Amino acid sequence: MSFLELATSGVQGLRPYQPGKPIEELKREYGITNVIKLASNENPLGPSPLVLEAIQANLAELSRYPDGNGFELKQAIANKYDVEMDTITLGNGSNDILELIARAFVTSQQSVIFSAHAFAVYPLVTQAIGAKMIITPAITWGHDLTAMREAICDDTRLIFIANPNNPTGTWLDKDNLQNFLESVPNNVIVVVDEAYYEYACKNPNYPNSLEWLKTYPNLIVTRTFSKAYGLAGLRVGYSISHPQVTNLLNRVRQPFNVNNLALVAGTVALSDSEYLDKSIELNRIGMRQLENAFNDMNLSYIPSLGNFLAVEVGNGAKINEALLTKGVITRPIDVGYGMPHHLRISVGTEAENTICINALKQVLSDS
Ligand SMILES: *Cc1c(COP(=O)(O)O)cnc(C)c1O
C-alpha cells in the first residue's frame, strides 16, 4: 500500500513549498564559510534592537500560554492604522492567515483565482483543501485584472492578489485595483496581500487599501512583520477585514497561533519608526545599486516595489547553482513560479549586494 493513495486528491497533487536555501545548509554541503543569503526577502539589518531587548525581557514568560486574543498587538495595529480591533486577525506569519481564509470560505467544490507567477502559497492553500485553481495568464509579468475578473464563475469564492507580487515585484495602482474591487461580486472574497506594504507605500500611486474596507466588505488585506520589520523567524502577520469576516477567521484559527515573543516583538516593532525608516532607506539605496549594476551588465529585470528584483539571467537554475559555489544564495524561480530564465535576488546591505553582483558577473562570463 502507498500512503499517497490515502491522501486527499488535492494533497496528492501538492508540491511542497521550496524555501530559500538556509545559510548553514550551504556551508555544510559546500564546505565554505563565507556565505550571503539574498534568497528569502529578509531584512538585511536584522531585527530592531528595541525588539531584541523586549524579547529578552519577556523570556521568562515562555512557560505561559500566549494571549490568545493578542490584545496588545491588536491595539498597536489598531492605533497605527486607525482601524477597529475587531477587524484584526493575527497569524503565525501572514501565510497562516492565507490558509485560514481558504479554509473558512472555500470547499473542494469551489474555485479560487490567482495569477500566473503569483506567490506560491496561493496554490498551496488552495490545493490543500482540494479546491479548483483558476490561474489567469500574467500581463508583462503582473496580474491581469481584466482576465481575473472574467475568470470569475458561479463557484468562485476567493481571489488572491499580491500587491506587490512576489517573485515578480509587479504592482497594481490605486485606480486599477479599485475598479477591479468595484467589479467583483460581493460574495467573492478578495485578498489583497500586502506583505511588502511598508516598502511599496512610498509610491504615490500605491493604494491605501484600508480605506476601501468600508466600501468593499468582501476585501481582506494581509500584512506581515516578516519583511520590512525584520521578524521572519518569529512568524507573525495579520489581516484587516470586515468584523464578520474577522469573526469567521478567528473561528478556524488555532487558539494560540501566535507565540508570546512574537506578540511582544510585533507590538514593539510597530513603535520603532526609526528602524523601519532605516530599513526602507537601505532598501531604496540597495535597489538602485542592483538596478544600476544590472543595467551596466545589460541584464533586464522586472521593476519592483518590494525588497527584491527578478532579473533575467538565461538558465536561472544553472546560474543559481554556480552562484552557490561562490557562497551566494539567490532564489531560482523555475519550479513553482514558471520563470526559468529569471533569478529572484533580495536586496541586501551594500556590501552583500556588491558581493552578489561580482559573483553574478563572474558566473555569467564563465557560462
Ligand atoms: C513573504 C510573503 C508573505 C509573508 O509571509 P509570512 O508568512 O508573513 O512570513 C506573504 N505574501 C507574500 C507575497 C510574500 O512574499
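The values are calculated or read from the model by the stated rules, or taken from the named source; none is laboratory data. Keep in mind it's a predicted model, so treat the numbers as computed, not measured. Cβ placement follows ideal geometry from the backbone for every residue including glycine, while neighbour counts extend to all protein chains displayed. The protein model used for the area step is the full one, side chains on, heavy atoms only, and it has no ligands, DNA or RNA in it. Shrake-Rupley method; radii C 1.70, N 1.55, O 1.52, S 1.80 Å.
Here are some notes:
- Looking across the stretch 312-340, the residues that are within 16 Å of residue 352 (Cα to Cα) and part of a loop (DSSP other than H, G, I, E, B) come down to 326, 327, 330.
- Pairs, first under 18 Å from residue 16 (Cα atoms) in the stretch 124-137, second at pLDDT below 95 and of a type in the set (A, V, I, L, M, F, W, C), C-beta under 9 Å, six or more apart: 124/14; 127/11; 127/14; 128/11; 128/14; 130/11
- Filter pass, residue 293 being small (Gly, Ala, Ser), at pLDDT 95 or above and either under 19 Å from residue 56 (Cβ atoms) or in contact with a Ser or Thr (Cβ under 7 Å, 6 or more places away or on another chain) (or both): no
- Residue ID - farthest from residue 232 (Cα to Cα), chosen from residues in the stretch 1-48 that are among the hydroxyl-bearing types (Ser, Thr, Tyr) and surrounded by 13 or more Cβ atoms within 10 Å (Cβ to Cβ): 8
- Failed item, numbered, when residue 194 is tested on (1) touching a helix residue (DSSP H, G or I) at 6+ places or on another chain (Cβ under 6 Å); (2) open to solvent by less than 10 Å² (accessible area, probe 1.4 Å): (1)
- Among the residues making up the stretch 336-367, those that are among the aliphatic types (A, V, I, L, M) and either under 18 Å from the mean Cα position of the chain (by Cα) or open to solvent by less than 40 Å² (accessible area, probe 1.4 Å) (or both) are 339, 343, 345, 347, 357, 359, 360, 363.
- Residue match in the stretch 239-253 (condition: assigned by TED's automatic domain parsing to the domain that holds residue 102, within 18 Å of residue 51 (Cα to Cα) and free of Cβ contacts under 8 Å to residues at least 60 places away in the same chain): no
- Some residue of the stretch 119-129 being open to solvent by 30 Å² or more (accessible area, probe 1.4 Å) and hydroxyl-bearing (Ser, Thr, Tyr): no
- Selection status of residue 72, open to solvent by 40 Å² or more (accessible area, probe 1.4 Å), more than 16 Å from the ligand (Cβ to nearest atom), acidic (Asp, Glu) and assigned by TED's automatic domain parsing to the domain that holds residue 332: no
- Output for the stretch 233-256, where each listed residue is open to solvent by less than 50 Å² (accessible area, probe 1.4 Å) and within 21 Å of residue 47 (Cα to Cα): 234, 236, 237, 238
- Screening the stretch 82-112 for residues that are closer than 17 Å to residue 195 by Cα and touching a helix residue (DSSP H, G or I) at 6+ places or on another chain (Cβ under 6 Å) and picking the one that is farthest from the ligand (Cβ to nearest atom) gives 88.
- Residues in the stretch 70-124 that are acidic (Asp, Glu) and part of a helix (DSSP H, G or I): 72, 86, 96, 99.
- Taken together, the residues in the stretch 309-335 that are within 19 Å of residue 42 (Cβ to Cβ), under 22 Å from the mean Cα position of the chain (by Cα) and not β-branched (Val, Ile, Thr) amount to 5.
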